[in-house]
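Read the structure below first, then the notes.
A short reminder: the numbers here are calculations on the coordinates, not readings from a lab. Keep in mind that what you see is a predicted model, and the values were worked out from it rather than measured. Quick reminder, even Gly has a Cβ in these numbers, built from the backbone with ideal geometry, and neighbours come from all protein chains shown.
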Amino acid sequence: MGDDNLILNITQSPAPNSFQRGNSKFNKPHKHTGRWAKSKSVKRKSQDASDEPSPKRPVPPTSQKRLRNAPDEKPYKKQEVPAGKVLDGKKEENPKGRPAVKTSSLFKNNPEVPDIDRPAVKQLKEKVFSADSFSDLGLHPHLVSTINTVMNMTNTTSVQKQTIPALLAGRDVLVRSQTGSGKTMAYGVPLVQSLQGVTPKIQRSDGPYALVLVPTRELALQSFSTIQKLLKPFTWIVPGVLMGGEKRKSEKARLRKGINILISTPGRLLDHIRSTKSIHFTRARWLVVDEADRILDMGFEKDVTAILNALNSQCQHRQNVLLSATLSPGVARLADISLNDPVSVTIAEDTNREDKHGGKPKEDKKDGDSSCFAMPEKLHQHAVVAPSKLKLVTLAAFILGKWKCAKKPKMIVFFPSCELVEFYHSLLSKVLTMGDSAMGPDDFLRLHGNMEQEERTEVFQQFTHCQAGILLCTDVAARGLDLPQVTWIVQFSAPASAAEYIHRVGRTARLGAQGSSLLILIPSEAAYLQTLAEHKISVSEMKMEDILSNLLMEDFLKIRRAGGKKSEAADPQTVRERATVLQTKFEDYVHASADTALRAKKALQSYIRSYATYPKNLKHIFHIRSLHLGHVAKSFGLRDAPHSLSRQLAGSPSKQSKGKPKRADTHKKRSKQRFSDLLRSEYASGLAPKPKKATKPGTEGSQT
């Protein structure tokens, strides 16, 4: 066996370092003897003897760049200044003198806005007022005088003309009429006329003679106010209201004293029926269900059924009235249960009928919506299609433009959830009040179901009596509320049905007044206008560019040019720059603190959740997959879509985390274990250790 193929791993202790007096600075290290060391020394001597220099190794380009600079000199790096930032007291400008305002993030990569084909639709119209006066109906003179002086009404509306005589005749009535047609007075006037003539006189301790059910607290307050005005000449009749948010103890005290006309929401009334002994309906003569379709939509059908059972057990003979702007199958079922040989009153032109012989009312054709709706004659309906990134700026520009008018608007803006109302109230009231448009934070009000009852009542009363203002709200204000002098209705997102659309826009153009509405859609939702057209709702298009041009009137959005000049031209580029500046202000406010950013993210999540709740028949228009989350985030003042949203939409992260570990991770762990086993000993064979055999308990220490 030769020694050539044998390599020994032998090291010797190095010699101590010492300075040498010769030419070299340091002592040379101990030379190793052996074939490899001799071959290296021979090669080195041959290189020293040759005169040619040794070839240099190529230097990478990155190293050459480093060598060009001095050791103490750093390479020059251009300073980046974000758009709108000030550098040394001046805004950075490009060579043409224009400011460095980036418009690409807001106006590029947007989906194309489709051309809207406005189908020819003949809307159903109702003649609001009739030629008959209240004095022709045989009412008490004091009641007629109160209607003329306190309510400022002399002639009846069309629905009042047909409903009041039927109720005075003692018939059950099912009323279907457009919003703002005077349905509260249609049942309130005959109710007061009937009760004031009861002999002997009604006493407070008698308890309820009439029960009025309404869906929301605000509508309960409004109905109570109307009945209270009609009862001014008849002070012995006491009205009262029960609703959630109030103290039960105080309501129980009022019930013990006595209430003759009881107005309540279904949930609170059922609670008192089950828990309050002093409430009884032995003398009840009237049952009125106002906004019946809304009561059923809110899930009160079981509560209404329980209330009807309580009434039927205590009083057998009473007069029943159902009122609604739309007629759903649920209302038809409720009519079958509660009404006895009803008179059905409908005021639309081509469906005008008064069925005095009863019969079942005509049910809807699709998903709870009637085939067509009657619209107020003086209501002008508009729609604008704007990309998701421009939705917030479009809404803000519309509000600013209307506030610049000679007569400031009284506007209601509908949002799909309470979180959106809270977020946009704080955002718009802070940013839009920066300018000189005489708009203050007090001009913005909010109303939604999560507010305390005292605050809700205060906001409702404040907006009712103000001359101008902007109310941001949910659908809690979409049904039955008579908010006077409302000029504009804005819908930030499309409602889930045509019936909801009718109720929202019905807050304006009431009792023959002028009114307008605006529906904001994104390009993928443009087909919703065709759905409205199928219900004979005609909507005209309003261009987004025309709305954004309102920003030219705002001085706080002007951009400084070279030489201190401001932009004055009304070209499209200037409009885009103004819109970008406004969007930047929104984003700066949102990202100014972690709290506002968190609220924006929660509002975005709430919007996406609400978007997923559209009914099946509208899923081809409103599908969550058609949303670009990054673009939608822009409408909430967020610069990027939160990453957690995409994970939540793709699937539940909690379920994924509880699953089995991925195969790659398992393989990685096993490879690490194998590598550690191989390095465990220098005498290892290089093979992985064999798995140990399982031994039976009690045999570990046994020997064979």
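Out of 213, 272, 198, whose Cα points farthest toward the positive end of the dipole of region 126-355 (charges: +1 Lys, Arg; -1 Asp, Glu; placed on Cβ)?
272
Can you flag which of 585/634; 391/619; 404/558; 249/277 are past 18 Å Cα-Cα?
Details: 585/634 12 Å; 391/619 21 Å; 404/558 16 Å; 249/277 13 Å.
Among 585/634; 391/619; 404/558; 249/277, the Cα-Cα distance tops 18 Å for 391/619.
If you take the beta carbon distance between residue 142 and residue 169 as r and set R0 to 25 Å, what does 1/(1 + (r/R0)^6) give as a FRET efficiency, to the nearest 0.05?
Computed FRET efficiency for residue 142 and residue 169 comes out at 0.70.
Return the FRET efficiency for the residue pair residue 110, residue 609: r is the Cβ-Cβ distance, R0 is 25 Å, and the value is rounded to the nearest 0.05.
On the way: r = 24 Å, r/R0 = 0.98.
Calculated transfer efficiency: 0.55.
Amide H to amide H, which residues 5 or more places from residue 469 or on other chains are under 5 Å from it, using H placed in the peptide plane?
For residue 469, the qualifying residues are 410, 411.
In nanometres, what is the gap between the two model label sites at residue 546 and residue 301, each 7 Å from Cα along Cα-to-Cβ?
Roughly 4.3 nm, to one decimal.
Which whole-Hz ³J(HN,Hα) couplings does region 440-453 yield from phi under the Karplus relation 6.51 cos²θ - 1.76 cosθ + 1.60, θ = phi - 60°, glycine and proline marked x?
Result, rounded to whole Hz: x, x, 5, 6, 9, 10, 9, 8, 7, x, 8, 7, 5, 5.
Which shape class, rounded, prolate or oblate, goes with region 375-642 when its Cα gyration tensor gives a ≥ b ≥ c as root eigenvalues, a/c under 1.5 marks rounded, and past that a/b bigger than b/c marks prolate?
The shape class here is rounded.
Could you give the length gained by full extension between residue 236 and residue 592, i.e. 0.36 nm per residue of separation minus their alpha carbon distance, to one decimal place?
Once the chain is fully extended between residue 236 and residue 592, it gains 122.3 nm.
With the contact rule set at Cα under 8 Å and sequence spacing of 6 or more, what percent relative contact order holds for region 110-251?
Computed value for region 110-251: 21 percent relative contact order.
With θ set to phi - 60°, apply the Karplus curve 6.51 cos²θ - 1.76 cosθ + 1.60 along region 203-211 and write out the HN-Hα couplings as whole Hz, x wherever there is a Gly or Pro.
So the Karplus estimates, Gly and Pro as x, are 10, 4, 6, 5, x, x, 9, 9, 10 Hz.
If you average the alpha carbon positions of region 230-260 and of region 478-538, how far apart do those two centres end up, in angstrom?
35 Å
List, in order, the whole-Hz ³J(HN,Hα) value for each residue of region 333-342 obtained from phi through the Karplus relation with A = 6.51, B = -1.76, C = 1.60 and θ = phi - 60°; use x for Gly and Pro.
Along region 333-342, the couplings run 5, 5, 5, 5, 7, 9, 8, 10, 6, x Hz.
What does the net charge come to around residue 258 if you take all other residues with beta carbon closer than 10 Å to its beta carbon, with K and R at +1 and D and E at -1?
For residues surrounding residue 258, the net value is +3.
Measuring from label point to label point, each 7 Å out along Cα→Cβ, what is the residue 315 to residue 624 span in nm?
Each label point lies 7 Å from its Cα, and together they span 4.8 nm.
Apply 1/(1 + (r/R0)^6) to the Cβ-Cβ distance of residue 283 and residue 155, taking R0 = 30 Å, and write down the FRET efficiency to the nearest 0.05.
0.30
Taking 8 Å as the Cα distance limit and 6 or more residues as the minimum spacing, I'd like the relative contact order of region 375-642 as a percentage.
Computed value for region 375-642: 29 percent relative contact order.
Tally Lys/Arg at +1 and Asp/Glu at -1 over every other residue whose Cβ is under 10 Å from the Cβ of residue 213; what's the total? Let's see the in-between values first.
Details: positive: none; negative: 290, 291, 303.
Net of charged neighbours comes to -3.
Report the full-extension gain for the segment residue 121 to residue 530: residue separation times 0.36 nm, less the Cα-Cα distance, to one decimal in nm. Each step should come with its number before you reach the end.
Values: separation 409, 0.36 × 409 = 147.24 nm, distance 1.03 nm.
That works out to 146.2 nm of additional length.
Counting only other residues whose beta carbon sits under 11 Å from that of residue 416, what net charge do I get with K and R as +1, D and E as -1? Don't skip to the end; give the middle numbers.
Details: positive: 609; negative: 419, 475, 500.
Residues near residue 416 contribute -2 overall.
Could you work out the relative contact order of region 126-355, using alpha carbon pairs under 8 angstrom and six or more residues apart, expressed as a whole percent?
Taking the mean separation of contacting Cα pairs over the length of region 126-355, I get 26 percent.
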